[in-house]
Amino acid sequence: MPFKLTIIGSGSAVPTVNRGVTSQYVNFNERHILIDCGEGTQLQLRRFKVKFQRLKMILISHLHGDHYLGLVGLLSSMSLLGRTQKLLIICPKELEQLLNVQFEIAGIKLNFELEFKHLTAKDKTVVFEDNVIAISAFPVKHRIDCWGFYMNEQQKEKNVDPRAIKEHGLTIEEILQAKKGEDIVREAAYYRNEDITLPPEPPISYAYSADTMYFDKMAEYVKDASILYHEATFTEKQIDRAKATMHSTAKQAATVAKNANVGKLILGHFSARFRGTDEVLAEAKTVFDKVVCVEDGDEFIL
Ligand SMILES: [Zn+2]
């Protein structure tokens, strides 16, 4: 199970008993990541049994309250509960100021270090990378500066064809060489890499739209994602409201998914005006049918 996404909060604007505001937890090859942290996130994390001390980083898309107001509380709890491990926060630069002011006025000194990486990119840019995953941020179109995120596994090693192993009697050392893409050179034989390997599995990827109005380039940013989360705050009936608040409709989200050829579309950030999500889902399905509307606590595994 290289990838597991847990929906921590799937509503917009105001937390309610049925829906928390935006937050998602990703375990991607044991990299533990929180995306956005609306008010009430730490309680929701407890509710869905996420061990938040394991978080390695927190990504904050923008500074509307329903995406970050839970952060001070979460960080304070982490400190009170004994965290000492450094935490990376990838966020708009003003968030660092905001947090510093809050902690300074309250006289709070966290027991662990916060490392900030500011989002400034005007185009898709890598903001974190190790030997297992890479995370890029890309600018979206909202009322204030806002970024979406795209995370993917690093290129996997090639698979060595079992038939070639048997036929040529490849040694462990030769198999490891072949996995890395090298040819096998022996005194009396030469095996080209492409003849003894099979293409690796395509890397898994996850894209997060953040809050945004529709724009064509979004499909390019989230191209071929295994899963795309896209906000669908409204339906086409409220298109004027969507435009005024710079949010998307279900149909627009589905259009992005179709143009980007994603594996699966998951919709969230629903306006509290909706009683249920049937209408949102039906509208999205007219354009793209591999789609679901999320509820808090839903999990997606790849
Ligand atoms: Zn917003």
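The values are calculated or read from the model by the stated rules, or taken from the named source; none is laboratory data. Because the structure is a prediction, the values reported are computed rather than measured. Positions of Cβ are backbone-derived with ideal geometry, glycine not excepted, and every protein chain shown enters the neighbour counts. Heads up: the accessible areas ignore ligands, DNA and RNA and are worked out on the full protein's heavy atoms, side chains in. Shrake-Rupley method; radii C 1.70, N 1.55, O 1.52, S 1.80 Å.
Every residue in segment 163-212 that is of a type in the set (A, V, I, L, M), assigned to a strand (DSSP E or B) and surrounded by 18 or more Cβ atoms within 10 Å (Cβ to Cβ), please.
Passing the criteria: I184, A207.
S77 - would you say it is within 16 Å of the ligand (Cβ to nearest atom), among the polar types (S, T, N, Q) and touching a residue at least 12 places away in the same chain (Cβ under 8 Å)?
Considered against the rule, which asks whether it is within 16 Å of the ligand (Cβ to nearest atom), among the polar types (S, T, N, Q) and touching a residue at least 12 places away in the same chain (Cβ under 8 Å), S77 comes out as no.
Please work out which residue is farthest from S136 (Cα to Cα), limiting yourself to segment 213-237 and to residues that are away from the ligand (no atom under 16 Å from the Cβ) and open to solvent by 40 Å² or more (accessible area, probe 1.4 Å).
K237
Table: residues versus (1) touching a strand residue (DSSP E or B) at 6+ places or on another chain (Cβ under 8 Å); (2) buried (at least 17 other Cβ atoms within 10 Å of the Cβ); (3) of a type in the set (G, A, S).
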site	(1), (2), (3)
D36	yes, yes, no
Q42	no, yes, no
K49	no, no, no
Q53	no, no, no
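Run M151 past the list (1) farther than 20 Å from G38 by Cα; (2) touching a residue at least 40 places away in the same chain (Cβ under 8 Å); (3) part of a loop (DSSP other than H, G, I, E, B); (4) open to solvent by less than 20 Å² (accessible area, probe 1.4 Å) and report the number of the one that doesn't hold.
If we test M151 against (1) farther than 20 Å from G38 by Cα; (2) touching a residue at least 40 places away in the same chain (Cβ under 8 Å); (3) part of a loop (DSSP other than H, G, I, E, B); (4) open to solvent by less than 20 Å² (accessible area, probe 1.4 Å), just (3) comes out false.
Open to solvent by less than 20 Å² (accessible area, probe 1.4 Å), touching a strand residue (DSSP E or B) at 6+ places or on another chain (Cβ under 9 Å), assigned by TED's automatic domain parsing to the domain that holds L45 and more than 16 Å from the ligand (Cβ to nearest atom): does that describe V262?
Against the criterion (open to solvent by less than 20 Å² (accessible area, probe 1.4 Å), touching a strand residue (DSSP E or B) at 6+ places or on another chain (Cβ under 9 Å), assigned by TED's automatic domain parsing to the domain that holds L45 and more than 16 Å from the ligand (Cβ to nearest atom)), V262 qualifies.
Select from segment 220-261 the residues that are among the aromatic types (F, W, Y) and within 22 Å of R275 (Cα to Cα) and list them in ascending order.
Y229, F234
So in segment 1-28, with the set limited to residues that are at pLDDT 95 or above and assigned to a loop (DSSP other than H, G, I, E, B), which one is surrounded by the fewest Cβ atoms within 10 Å (Cβ to Cβ)?
S10
Checking A253 against (1) assigned to a loop (DSSP other than H, G, I, E, B); (2) within 16 Å of the ligand (Cβ to nearest atom); (3) open to solvent by less than 10 Å² (accessible area, probe 1.4 Å): exactly one of these is not met. Which one?
(1)
Restricting to segment 119-152, name every residue that is out of contact with any strand residue (DSSP E or B) (no Cβ under 7 Å at 6 or more places or on another chain), more than 16 Å from the ligand (Cβ to nearest atom) and not acidic (D, E).
Of everything in segment 119-152, those that are out of contact with any strand residue (DSSP E or B) (no Cβ under 7 Å at 6 or more places or on another chain), more than 16 Å from the ligand (Cβ to nearest atom) and not acidic (D, E) turn out to be T120, N131.
In segment 91-100, is there at least one residue being assigned to a loop (DSSP other than H, G, I, E, B) and either surrounded by fewer than 16 Cβ atoms within 10 Å (Cβ to Cβ) or at negative phi (or both)?
Within segment 91-100, not a single residue is assigned to a loop (DSSP other than H, G, I, E, B) and either surrounded by fewer than 16 Cβ atoms within 10 Å (Cβ to Cβ) or at negative phi (or both).
Report whether or not L55 is of a type in the set (A, V, I, L, M), more than 16 Å from the ligand (Cβ to nearest atom) and touching a residue at least 24 places away in the same chain (Cβ under 8 Å). Please lay out each step first, then the result.
Values: of a type in the set (A, V, I, L, M): yes; more than 16 Å from the ligand (Cβ to nearest atom): yes; touching a residue at least 24 places away in the same chain (Cβ under 8 Å): yes.
Criteria met by L55.
Which number in (1) open to solvent by 10 Å² or more (accessible area, probe 1.4 Å); (2) polar (S, T, N, Q); (3) part of a loop (DSSP other than H, G, I, E, B) marks the one condition that S61 misses?
(1)
Output the residues belonging to segment 130-141 that are surrounded by fewer than 20 Cβ atoms within 10 Å (Cβ to Cβ), within 30 Å of H269 (Cβ to Cβ) and not basic (K, R).
D130, V132, A134
Given the conditions (1) buried (at least 20 other Cβ atoms within 10 Å of the Cβ); (2) within 16 Å of the chain's Cα centre (by Cα), which single one is not true for R31?
R31 satisfies every listed condition except (1).
V160 is checked against (1) touching a residue at least 24 places away in the same chain (Cβ under 8 Å); (2) away from the ligand (no atom under 16 Å from the Cβ); (3) loosely packed, with under 15 Cβ neighbours inside 10 Å and fails just one. What number does that condition carry?
Checking V160 against (1) touching a residue at least 24 places away in the same chain (Cβ under 8 Å); (2) away from the ligand (no atom under 16 Å from the Cβ); (3) loosely packed, with under 15 Cβ neighbours inside 10 Å, the one that fails is (3).
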